[in-house]
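Beneath this line is the structure, given in structure tokens, with notes to follow.
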């Protein structure tokens, strides 16, 4: 009887929860792959002890990953202030904090909407307080970045 109850739960788990946000490994190749699929490379800058980051993840980023409407629009990756080595847009190894400093990020959470050269396509989103208007600004930033990426008016 218990096995019969667990089977549906295991089957639907991927649908109910997308899992953690993927960490950046290689900015150059990940962004190139995203751009080749007409997706914006969305770089999420976080800190381990950031309560606003945790709220943004729970209220916006993880639901976005679960929502199929965003699959063809953005490729989300996370880079943490406390992270290790990543391959930069130049193809060389860098510490995460070096990449973050190159973008003059002073607080978390920060969302950067990038092309395959690491250039910002639209204004970044900095901070998070509540869902109230965040989804609007988030969707507007994605739409603006995609227009820029695809050279649309």
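Evaluate the stretch 46-53: report whether one residue or more is crowded, with 21+ Cβ neighbours inside 10 Å and assigned to a helix (DSSP H, G or I). Even if it seems obvious, please write down each step before you answer.
Restricting attention to the stretch 46-53, the residues satisfying the condition of being crowded, with 21+ Cβ neighbours inside 10 Å are 46, 53.
Subset that is assigned to a helix (DSSP H, G or I): 53.
Among the residues of the stretch 46-53, at least one is crowded, with 21+ Cβ neighbours inside 10 Å and assigned to a helix (DSSP H, G or I), which makes the answer yes.
Would you confirm whether any residue within the stretch 81-103 is assigned to a helix (DSSP H, G or I), surrounded by fewer than 20 Cβ atoms within 10 Å (Cβ to Cβ), in contact (Cβ under 8 Å) with a residue 24 or more places away in the chain and in contact with a helix residue (DSSP H, G or I) (Cβ under 8 Å, 6 or more places away or on another chain)?
Looking through the stretch 81-103, none of the residues is assigned to a helix (DSSP H, G or I), surrounded by fewer than 20 Cβ atoms within 10 Å (Cβ to Cβ), in contact (Cβ under 8 Å) with a residue 24 or more places away in the chain and in contact with a helix residue (DSSP H, G or I) (Cβ under 8 Å, 6 or more places away or on another chain).
Scan the stretch 62-93 for residues that are in contact with a strand residue (DSSP E or B) (Cβ under 9 Å, 6 or more places away or on another chain) and within 19 Å of residue 121 (Cα to Cα) and jot them down.
The answer is 70, 73, 74, 75, 76, 77, 78, 79, 88, 89.
Look through the stretch 125-153, keep the residues that are crowded, with 18+ Cβ neighbours inside 10 Å and under 16 Å from the mean Cα position of the chain (by Cα), and return whichever of them is farthest from residue 81 (Cα to Cα).
As a first pass, look at the stretch 125-153 and keep what is crowded, with 18+ Cβ neighbours inside 10 Å: 125, 128, 138, 141-142, 145-146, 149.
Restricting the remaining residues to those that are under 16 Å from the mean Cα position of the chain (by Cα) gives 125, 128, 138, 141-142, 145-146.
Details: 125: 17, 128: 17, 138: 22, 141: 23, 142: 23, 145: 24, 146: 27 Å.
Taking the candidates together, the pick is 146.
When you go through 108, 122 one by one, which is the residue that is more than 14 Å from the chain's Cα centre (by Cα) and at pLDDT 95 or above?
On the way: 108 fails: more than 14 Å from the chain's Cα centre (by Cα).
Sole residue among the options that is more than 14 Å from the chain's Cα centre (by Cα) and at pLDDT 95 or above: 122.
Check off (1) modelled with pLDDT of 95 or more; (2) within 18 Å of residue 34 (Cβ to Cβ); (3) surrounded by fewer than 19 Cβ atoms within 10 Å (Cβ to Cβ) for residue 72 and give me the number that stays unchecked.
Exception for residue 72: condition (1).
Assess whether residue 43 counts as being within 15 Å of the chain's Cα centre (by Cα) and over 17 Å from residue 148 (Cβ atoms).
Details: within 15 Å of the chain's Cα centre (by Cα): yes; over 17 Å from residue 148 (Cβ atoms): no.
When the stated conditions are applied, residue 43 does not pass them.
The values are calculated or read from the model by the stated rules, or taken from the named source; none is laboratory data. The structure presented is a predicted model; accordingly, all values stated were derived computationally and were not measured. Cβ atoms come from the backbone with ideal geometry, glycine included; neighbour counts cover every protein chain shown.
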